[in-house]
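This report refers to the structure that appears directly beneath it.
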Amino acid sequence: MSFDELPATGTVRQAPAGTLGSPATGTIERAEPIRRAEPIELLRRVSYGRLATSMRALPFLTVARHIVCDGRILLRMHSGFGHHEACDGSVVAYGADNYNDTACGVGGDLWSVQFTGPAEIVHPCPEQERLFGAAPVSVNGEPFAPAYLRVDPHFVTEHTLTF
């Protein structure tokens, strides 16, 4: 399925390489366009999301902490599973939502955003590390050992549920 054939179930945006927040091209919109913050701004409202790609030809999802820097998404995850290595140099999807925000389900909007693009292992500067905040102590009983990825979003999908 080509980009132009995608179903219009939400707002799909194709961003210029390395940018989000500039006017998008290739937009498919619903009859009532979403009038709210840009998807990258929505991502700033939550701390965690899910990274999706494949590892040894099998799909997987993993949780990651994210921050937004210069229109790119920086992820912190546990290095013990090797997920960061499977993602390095590959196209991945990263999504986040506010579905656990119970206040939004009563008179507010629920939203989800997904960003798709290439990922690479990076080493954040000290300022970026501070933006991530405190790290978990352990993951599945193992001491947490951070690994960092940068996702350069090329495609953005946003969905909202209005109550």
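Does VAL92 satisfy the condition of being β-branched (Val, Ile, Thr) and open to solvent by less than 60 Å² (accessible area, probe 1.4 Å)?
Yes, satisfied.
Got a sec? Which of GLU120, GLU158, GLU85, GLU129 is open to solvent by less than 30 Å² (accessible area, probe 1.4 Å) and outside any loop (DSSP other than H, G, I, E, B)?
GLU158
List the residue pairs whose Cβ atoms are under 9 Å apart, where the first residue sits in region 131-142 and is without any contact (Cβ under 8 Å) to a residue 40 or more places away in the chain and of a type outside the set (Asp, Glu), the second is open to solvent by 50 Å² or more (accessible area, probe 1.4 Å) and assigned to a strand (DSSP E or B), and the two are 6 or more positions apart or on different chains.
VAL137/PRO143
Please pick out the residue among ARG76, ARG72, ARG65 that is in contact (Cβ under 8 Å) with a residue 40 or more places away in the chain and in contact with an Asp or Glu (Cβ under 7 Å, 6 or more places away or on another chain).
Only one candidate qualifies: ARG72.
Can you tell me which residues in region 80-127 are touching a Cys at 6+ places or on another chain (Cβ under 6 Å) and at pLDDT below 95?
ASN98, LEU110
The values are calculated or read from the model by the stated rules, or taken from the named source; none is laboratory data. Bear in mind the structure is a predicted one, so any value in this text is a computation, not a measurement. As a convention, Cβ positions derive from the backbone with ideal geometry for all residues, glycine included, and neighbour counts pool all protein chains shown. Surface areas here come from the heavy atoms of the whole protein model, side chains and all, with no ligands, DNA or RNA. Shrake-Rupley method; radii C 1.70, N 1.55, O 1.52, S 1.80 Å.
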